[in-house]
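Undergrad: Encoded as structure tokens, here's the structure I'll be asking about.
Each reported figure results from applying straightforward, stated rules to the coordinates on display, with no laboratory input. Quick caveat, the model's predicted, so the values are computed rather than measured. Reconstructed Cβ throughout: ideal geometry from the backbone, glycine too, with neighbour counts over all protein chains shown.
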Protein chains: 2
Amino acid sequence: MTGVDVVRLLRERLGDRVDTSPGARDLARADKSGHAAGGAPLAVVHAASVADVQETLRIAHATGTPVVTRGAGTGLAGGANAGTGEIALSVRRMDRVLEVRPDDLLAVVEPGILNADLDAALEPYGLWWPPDPASREISTVGGNIATGAGGLLCAKYGVVRDAVLAVDIVLADGRLLHLGHRTVKGVTGLDLTSLVIGSEGTLGVIVGATLKLRRRSTAHTRTLTAVFPDVRAAARGSSAVTASGAQPAIMELMDALSLAAVHRLLQLPAPAAEAAQLTVQTDGPGADAEAEQIAAVLTAAGGTVRLAESEAEAALLWRIRRSMHPAMETLGTTLIEDVSVPRSRLPEMFDEIARIERAYGIRIPTVCHAGDGNLHPNFVFAGPEVPPEIWEAADELFRAALRLGGTLTGEHGVGVLKRRWLADELGDDQWQLQRDIARVFDPTGILNPGKVFDR
Amino acid sequence: MTGVDVVRLLRERLGDRVDTSPGARDLARADKSGHAAGGAPLAVVHAASVADVQETLRIAHATGTPVVTRGAGTGLAGGANAGTGEIALSVRRMDRVLEVRPDDLLAVVEPGILNADLDAALEPYGLWWPPDPASREISTVGGNIATGAGGLLCAKYGVVRDAVLAVDIVLADGRLLHLGHRTVKGVTGLDLTSLVIGSEGTLGVIVGATLKLRRRSTAHTRTLTAVFPDVRAAARGSSAVTASGAQPAIMELMDALSLAAVHRLLQLPAPAAEAAQLTVQTDGPGADAEAEQIAAVLTAAGGTVRLAESEAEAALLWRIRRSMHPAMETLGTTLIEDVSVPRSRLPEMFDEIARIERAYGIRIPTVCHAGDGNLHPNFVFAGPEVPPEIWEAADELFRAALRLGGTLTGEHGVGVLKRRWLADELGDDQWQLQRDIARVFDPTGILNPGKVFDR
């Protein structure tokens, strides 16, 4: 069966939800990773319902056509990039909040809803869903779940897996499964909900999710910054905070290059050369006391501390952190890496980054969710393709993180960009086991082929 | 190959760690569920190391001998019961704390350590592992992980899955795999750590775990009780607390029969007929204010509230709750059920229990982790075997929980006792998918056969 036949079948069943315009197909080739598929997909299906997803999968299954599921396309590992001969299945239009239960602290949503829109929908109930990726204004909840994208609040409020009770998925052959529970506890059989979280479109298409919510009891926040003479000192400061027993809601580290680039973008006065900064937020009823405690720890660690005196000042400090991606985009094409290490090893990881900078004669602006040990080193280069020497430097970065007890990817996922290192972290036995498990869900291999388990 | 040959092989490789005494083999037939395997296993292997577990599995794999992994034998679903022709593999003696890292908030432990011993080991560091089963004095961490046994603190502090970063498992053929991460975040490939949590010995033998710890910042606690005229009123009271936005660390409900039995056992004055009780604990810096707030909510809901005025009074109140199992044992043999429902449905679930009591002419003393909607109805009967009419009543209970959006088992697991209802909850498609996933780990089906996925 040719691609033309597949598109004809899709049109027969799904009508104008099948988009074959060159513009739509071209958009579906790429996410925000800087990487794009070589060709364009056969069509983009804009699913409006679970039935649409099932119909698409039935056609794909019957015709052996690969399917790449997409949300808002904000991924950073190429996991949602669709190429030649593939169907791009967008669930972005499935964006409803189906149910909010304040008495059970849960919400049922469709996958295409944006984080920011979900937050607006929950706010009147005094409720909140903790996962908080830096891209929350433009990323979807389904995408957060598919990649396990955590964000800034994970040390205090947990990762995506901790905030999802149940998911509905459509299997490769079009069958719909309800995984998980509406209850806080539930151990009936294997935890397939957790297995689907972070599976990057390889096990099924997420078409619904039951989210575990929290009260917005965190409304009162305090923000402080601490400037250190260099990044290693800042990393030692963040480790001292963790070791002190304080629990900041957010603790972000920006190195000198990141700070300088953002200050230029926002037309703020330039920071001191080599200075690195921690930005910390505390929340809840103990926010003030905890902010004072953390200020004392950071001062003792050699930081120059400032407690934000107004909401406006705090907002500016967070705007600086959240402007990192736009600031990097002004420098060139960016490969945003995502290694994670145990928090006590952060200073050593920054040493490794400095070593790699020297070895390759490059600079690697780095921000870090210091509260949980997740670093985003940015490799900046000219042109659309990652040059081989940048991949070599990234390879050294990955191996350094693994040596320090860390991982290749804290929250972005494997996608296409990290698939060649996956077995290095998992080992061959576990790599094969994981691939075999994916095959149970998708025996003919039509779900996101070439991603994650392809080396 | 006969059982005699298998035992000979085990002895050759494992020496005196192989126990074939009738006493040890008989003990391995049962857990705390009241259910026992029909026959006794070939032998009990008391593994002292990962290598012992690997050796046992290699022999089992080569000879096609089933293996039932056991910890302390405190399970409540028969999942660790070993019978005729099987090897009982005990990891109880693998009970070391291998590493505690206050700066990374993690500990690495062997599976056989008791919860209470782990807690004692973490206390000097000011650290704490939240899972808190009622059996914490006698249950193992490996068993908690294998069943997903949560306990009393789940609403505020999460379930077992939220508190485990990594597990090491030995596969059916003796290979050792390291699953998960030492980092807070990590999305490299599929989340097999979560898949193993609650897998009840069907995927592999858990031989190590990296636990996610918290600070003991919860040291300050307040306890209060509220007595209600009947159990439905108490359930409505607990729902009112959840809906109020308060977050008790523990909120336990005891119905009239449970209360009466415990008061008899402890030789305390009898409570009023039909009276049901909530016992609530708040913790952390806001414990006093939150206790006052909850007291007001419960008073408004019709409860007679008492705030404990001393540590001793609070300790007595918790002793009453924790004496439930011993009190039930004074009444006869007990089938302890474990359904869970969304918290808003608790009053309806108690209506269903009352209906089943009337329909079958039985009483069902029930305690409930009301903070998370997990009920433990106790079916009490004479003799060692669950009579058919009790199973019929339990069947009605399970179906009622499922109708209310709940689950068969909140924390005890499926084991042998609930395997016949598993497909009712999962649906046939998901049941088959789960079984096929288990087969990827254990192609020849030697790991805990007849448990979980056997109908």
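Undergrad: Could you list A:117, A:132, A:454 in order of exposure, starting from the residue whose Cβ has the fewest other Cβ atoms within 10 Å? Walk me through the numbers on the way to the answer.
TA: Values: A:117 17, A:132 20, A:454 14.
Lowest count first: A:454, A:117, A:132.
Undergrad: Would you kindly state how much longer the chain becomes between residue B:304 and residue B:439 on full extension, computed as 0.36 nm times their sequence separation minus their alpha carbon distance, in nm to one decimal?
TA: Here the segment from residue B:304 to residue B:439 would lengthen by 43.2 nm.
Undergrad: Between copies, how close do the residue B:268 label points come, placed 7 Å along Cα→Cβ, listed in nm from shortest?
TA: Copy-to-copy label distances for residue B:268: 5.7 nm.
Undergrad: How would A:99, A:411 line up from fewest to most surrounding beta-carbon atoms within 10 angstrom?
TA: Final ranking by Cβ density, sparse to dense: A:99, A:411.
Undergrad: Given the rotation relating A and B, tell me which residue in A puts its Cβ closest to the axis and the distance in Å.
TA: A:194, 2
Undergrad: Compute the distance in nm between two label points, each set 7 Å from the Cα along the Cα-to-Cβ direction, one at residue B:382 and one at residue B:348.
TA: The two pseudo-label positions are separated by 3.8 nm.
Undergrad: What does the structure give for A:344-351 when I average, per residue, the other chain Cβ atoms found within 10 Å of the residue Cβ?
TA: For this peptide, the per-residue mean of nearby foreign Cβ atoms is 1.
Undergrad: Can you list, shortest first in nanometers, how far residue B:39 lies from the same residue in the other copies, with each label 7 Å from Cα toward Cβ?
TA: 6.0
Undergrad: Label points 7 Å out from Cα along the Cβ direction at residue B:5 and residue A:230: separation in nm?
TA: With each label placed 7 Å out from Cα toward Cβ, I get 6.7 nm.
Undergrad: How much net charge surrounds residue A:104 when only the other residues with a Cβ under 9 Å from the Cβ of residue A:104 are counted, with Lys and Arg +1 and Asp and Glu -1?
TA: With Lys, Arg at +1 and Asp, Glu at -1, the net is +3.
Undergrad: Continuing with the same structure: Quickly estimate the mean residue ellipticity at 222 nm for the protein assembly as shown, helices only: each DSSP H run with n ≥ 4 gives -39500 (n - 2.57), and the total goes over all residues, rounded to 500.
TA: Rounded to the nearest 500, the figure is -11000 deg cm²/dmol.
Undergrad: Considering only Cα-Cα distances, which of the following residue pairs are longer than 18 Å: A:156/B:156; A:185/B:418; B:156/B:212; A:212/A:451; A:418/B:212?
TA: A:212/A:451; A:418/B:212
Undergrad: Still on this structure: For residue A:23, place a label point 7 Å out from Cα along the Cα→Cβ vector, do the same in each other copy, and report the separations in nm, one decimal, smallest first.
TA: 8.3
Undergrad: Follow-up question, since we're still on this one. Nearest 0.05, what FRET efficiency do residue A:16 and residue A:319 give at R0 = 45 Å with Cβ-Cβ as r?
TA: On the way: r = 40 Å, r/R0 = 0.90.
Efficiency, from the Cβ-Cβ distance: 0.65.
Undergrad: Same structure again: Just add up the charged neighbours of residue A:206: K/R +1, D/E -1, any other residue whose Cβ is under 11 Å from the Cβ of residue A:206.
TA: After counting each charged neighbour, the total is -3.
Undergrad: Where the centre of each part is set by its Cα atoms, how far does segment A:283-359 sit from segment B:148-227, in angstrom?
TA: Cα centroid of segment A:283-359 versus Cα centroid of segment B:148-227: 29 Å apart.
Undergrad: Neighbouring Cβ atoms within 10 Å as the yardstick, rank A:185, B:156 fewest first.
TA: Listing A:185, B:156 from fewest to most nearby Cβ atoms yields B:156, A:185.
Undergrad: Right, here's the next one. Can you tally the net charge around residue A:196? Count Lys and Arg as +1, Asp and Glu as -1, for every other residue whose Cβ sits under 11 Å from the Cβ of residue A:196.
TA: -3
Undergrad: I need to check one value: relative contact order of chain B, counting alpha carbon pairs closer than 8 Å and at least 6 residues apart, in percent.
TA: Working: 1003 pairs, mean separation 70.7, N = 455.
Over chain B, the number comes to 16 percent.
Undergrad: Right, next: Using a 10 Å cut-off around each Cβ of peptide B:425-432, what is the average number of partner chain Cβ atoms that fall inside?
TA: Average per residue, whole number: 4.
Undergrad: Then there is this: Across the residues of B:433-441, average count of Cβ atoms on other protein chains within 10 Å?
TA: If you average over the peptide's residues, the count of other-chain Cβ atoms is 6.
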